[in-house]
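Down below is the structure, laid out as C-alpha cells.
The values are calculated or read from the model by the stated rules, or taken from the named source; none is laboratory data. If you're wondering where the values come from, they're calculated on a predicted model, not measured in any experiment. Neighbour counts run over all protein chains shown; Cβ positions are idealised from the backbone, glycine included. Accessible surface is based on the protein model in full, side chains and every heavy atom, while ligands, DNA and RNA are left aside. Shrake-Rupley method; radii C 1.70, N 1.55, O 1.52, S 1.80 Å.
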Amino acid sequence: MTAEDLNLATERLSHISLQPDELDTQDEGGQLVDTPKSLKDLIDKLVSIDQGRDPIYMDLEGVSLSRHGSISLIQIYLPRLERAFIVDVTAMGFLAFDTAGTTGATLKSVLESTSITKCFFDVRNDSDALYSLFGVQLAGVRDIQLLELASRRYHKRYVRGLADCIKEDCPLSEQSRRAWQETKTAGIAMFDPKIGGSYEVFDVRPLDPKILEYCVQDVRYLPLLTSLFERRLNAQWRRKAERETARRLEESRKSDYKPNGQHKKFAVLNALNFAPPPAMFSMRRLALVSPKAPTVSEPEVYRLPPKEDNGRFNWATLETHYPVATLVDTLDTLWIIDIKDEFREAADAAVGIDFSDTTSSTINVFETTIRYLGGFLAAYDLSGDKRLLDKSLELAHMLYAAFDTPNRMPITRWDFHKAASGERQTADDGVLVAEIGSLTLGFTRLAQITNDNRWYDAVARIMTVFDAQQSSTNMPGMWPLVVNARAQVFNSGTVFTLGAMSDSVYEYLPKMYALLRGLERYARLYTGSMSAAIEHSLFRPMLPNNADVLVAGPVHTDEPGKSRLEPQG
C-alpha cells in the first residue's frame, strides 16, 4: 500500500461511525462524537466560545472510572448551543485527545487550558482517569460540588451528590422532574451492578439510546446548578472553593490517590470550614462616616469606602471590607442619630457615584435596589435633600431596563453591558425567591414620591405571580427557595425556608401592607405564608434551661403534601 493509499483510507475511516444509521444520535439535545471529523467540528466550537463568559460543562463515564479502569465517554455541554456532545473515547482512543481542529487545538489542549473554564461535579475521579490513562492535566476547572458546599448556609461536614442537588435545588416543573427521574432510573438500571446492571454497557456499540439520554441529562442541568450556587457565594467562600478545587486536582494526580471509599463523602475541614468572622461593626461605627482612618482617640470612626485607580467608587462590588453600598444605606442612620455634618459629608460622596461605570460584569439587582435605591429614598424622606431623590431616579431608570424581558420579569443578576449594547434579554430560569420578591418597597415608595406609576407597575407584576401561585406550591402558603422567572413558575421547588435567600420576601409583605395603607393583597399573602411557616417550619431546639423558644428551619417537600423539617436555624 502506498502512502497515498494509506492517507485515502485514513480519510475514509474518519467518517465512519460505530452507530447504525437508524439511530438518531442528535435527539434530546445530544450529539454523539465518534469520528475524527465530528471531533474536529466540536473542537472548533469549543475554541470559538466566549472564554470569559461561557464555561463548558463536563462529565465522564467509564468502567471503574479512575486510573484502575477506563474512560468510555466524555460529555460536554455548551449552554449557548443548548446541546450536549458525547465524545466516544471507546471508539477513538487516543485520537479523542490528539485530533486537531482547524486552529490546531485538540481536546487535550482545551482540557489543559487555563483560559477555558470547565465545570465538573466532583472532578476528582475524572481528573485521575484523564491524567493516568491519557496524560491530560486538567486546568481551568470549577468544581460545582464545592460551589454547593461553599454556598451552603448550614453545616459543611458532608458533600452532596449530583442527583440530590438536582432534586433539591433545581426549579424544575413537575413534568421535567418526572422525566429526569425516569431517565435516571432507566440509566442506572443498565449500569449499576447492585441491581443487575454492568458498567460495561458504556463500552457496548452501538450505544443504547437510554445510555445516550442518561449521559445528556447528566450535564444538562449543570449550568443551572452552577448559577444557583454561585449566586449564594461571597468573595471569601468563592476563593475557598477555588483553593479546594486546585487541591482536588493535585490530589487526584498523586500516586497514593484513592478513587473510592467513605472518605470522599466528607468535606475537607481545613479547606472549607472556618470560624465565623468577627462581629459586625457596632451601629455607632457604621454610622460615623469620615474620610480619615481610625485613631486611638477615635476608635469608632468608619471610613469612606476606597476608590479605584480611576478615582471612582466601584459601586457594584458588594463584598469588600468597605462596600460603597454601606455609604448609601446608612445615610438615614446618620440623620436619625443627629450627626448632620457626617450626613452631609456622606451625602456629598454618595451623589457623586457614577452608576454608569463599574468594572463588575453583572449587577445584583436585588442588592442594588434594597441598599442603593432604598438608601437614597430613605435619606431623602428624612432630609428633603433633592439631590438624593434625583440620584434615586437616575438609578431607577437604569434598573428599570432589567425588567425589559418578554414577560417583564426582571433579570436579578443583570449584565447591563449586554443590555446597553442591545442584546435580547430573558429572565433567568433559576432565581432565589428573595431576589425577585424583595424589589417592592423601593420601587413602590419611588412611585408614591414621584406620582409615576411605572415604578409600582414593574414590581406589582411580580407580586401578581406570587399571589396566583401561593396556594399551589408543595407547601401551600409559602414559596420555594428557587423560582423560575423565565416561565413564571413560582410553585415547583421543594425547599422552603424563612432563612437566608428567602427571608426578605416574607419580611417585606407587612411592610408593603403598611406602606400602601392596608392593601388587602399583602395582608393575605403574609397571613397565608405565616400560617404555613408556623405549621411546618418551627421546632423547639434543645437548650440547657429548656427555654420556651421556637426556631424556624428549612423544610423539604419531595412531593406535595409530604414535608420533612430540617431542625437547624
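Points to keep in mind about this one:
- Count of segment 357-367 residues which are open to solvent by 40 Å² or more (accessible area, probe 1.4 Å) and either assigned to a loop (DSSP other than H, G, I, E, B) or in contact with a strand residue (DSSP E or B) (Cβ under 9 Å, 6 or more places away or on another chain) (or both): 4
- The listed residues are ARG564, ARG540, ARG517, and the only one of them that is on the phi > 0 side of the Ramachandran plot, without any contact (Cβ under 8 Å) to a residue 40 or more places away in the chain and out of contact with any Asp or Glu (no Cβ under 7 Å at 6 or more places or on another chain) turns out to be ARG517.
- Condition met for THR333 (part of a loop (DSSP other than H, G, I, E, B) and either open to solvent by 30 Å² or more (accessible area, probe 1.4 Å) or more than 26 Å from ARG239 (Cα to Cα) (or both)): no
- Taking every residue in segment 158-171 that is outside any helix (DSSP H, G or I) and pairing it with any residue that is among the basic types (Lys, Arg), at least 6 positions away or on another chain, the pairs with Cβ-Cβ distances below 9 Å are TYR158/LYS265; VAL159/LYS264; VAL159/LYS265; ARG160/ARG152; GLY161/LYS265; CYS170/ARG177.
Every residue, every condition in (1) surrounded by 17 or more Cβ atoms within 10 Å (Cβ to Cβ); (2) touching a Ser or Thr at 6+ places or on another chain (Cβ under 9 Å); (3) of a type outside the set (S, T, N, Q), yes or no:
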residue	(1), (2), (3)
GLU520	no, no, yes
LEU525	yes, no, yes
GLY528	yes, yes, yes
LEU538	no, no, yes
LEU543	no, no, yes
ASP548	no, no, yes
GLY553	yes, yes, yes
GLU559	no, yes, yes
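- When LEU138, LEU149, LEU130, LEU111 are screened for being under 20 Å from ARG248 (Cβ atoms) and modelled with pLDDT under 95, only LEU149 passes.
- Selection status of LEU446, crowded, with 20+ Cβ neighbours inside 10 Å and closer than 22 Å to VAL365 by Cα: yes
- Every residue from segment 341-356 that is under 23 Å from ALA427 (Cα atoms) and either part of a helix (DSSP H, G or I) or in contact with a Lys or Arg (Cβ under 9 Å, 6 or more places away or on another chain) (or both): PHE355
- Taking every residue in segment 83-110 that is among the hydroxyl-bearing types (Ser, Thr, Tyr) and pairing it with any residue that is buried (at least 23 other Cβ atoms within 10 Å of the Cβ), at least 6 positions away or on another chain, the pairs with Cβ-Cβ distances below 6 Å are THR90/SER72; THR99/LEU39.
- When residues of segment 416-443 are limited to those that are touching a strand residue (DSSP E or B) at 6+ places or on another chain (Cβ under 7 Å) and more than 12 Å from VAL365 (Cβ to Cβ), the one most open to solvent (accessible area, probe 1.4 Å): ASP429
- Looking only at residues in segment 470-479 that are in contact with a helix residue (DSSP H, G or I) (Cβ under 7 Å, 6 or more places away or on another chain) and surrounded by fewer than 23 Cβ atoms within 10 Å (Cβ to Cβ), the one that is nearest to LEU498 (Cα to Cα) is GLY477.
- Those helices (runs of 4 or more DSSP H) of segment 234-299 in which 3 or more residues are at pLDDT 80 or above and surrounded by 12 or more Cβ atoms within 10 Å (Cβ to Cβ) occupy 235-252.
- Just so you know, in segment 384-415 the residues that are surrounded by 22 or more Cβ atoms within 10 Å (Cβ to Cβ) and farther than 18 Å from GLY374 by Cβ include one that is farthest from the chain's Cα centre (by Cα), and it is MET409.
- Filter result for the condition that a residue is touching a residue at least 60 places away in the same chain (Cβ under 8 Å), among the β-branched types (Val, Ile, Thr) and not in a loop (DSSP other than H, G, I, E, B), over ILE436, ILE462: ILE436
- Test: residue in segment 505-512 that is closer than 30 Å to ALA402 by Cα, in contact with a helix residue (DSSP H, G or I) (Cβ under 7 Å, 6 or more places away or on another chain), at pLDDT 90 or above and among the basic types (Lys, Arg): yes
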